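First up is the structure itself, then whatever we jot down about it.
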Amino acid sequence: MWDYHFDPQTNVIDVHMSRLRQKIDKGFDKPLLQTVRGAGYTLRAE
């Protein structure tokens, strides 16, 4: 997914996920976008 010169110390994913959370979770009591530690992210409507 990342090209050869990707900097693993960058927070670009964290920034995008934060912005998505602000938009997706708005209006819901429980967050829909959740972090799966060691795997990534998931959308859950529980």
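Taken together, the values in this text are just the output of simple stated rules run on the coordinates, not laboratory data. What you see is a predicted model, and the numbers here were worked out from it, not measured in a lab. Neighbour counts are summed over all protein chains in view; Cβ atoms, including those assigned to glycine, are modelled from backbone coordinates with ideal geometry.
Numerical summary
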item	result
Taking His16, His5 and counting other C-beta atoms within 10 Å, the order from fewest to most	His5, His16
Ranking of Arg37, Arg21 by count of other Cβ atoms within 10 Å, fewest first	Arg37, Arg21
Separation of the Met17 and Ala39 label points, Cα + 7 Å toward Cβ, nm	1.3
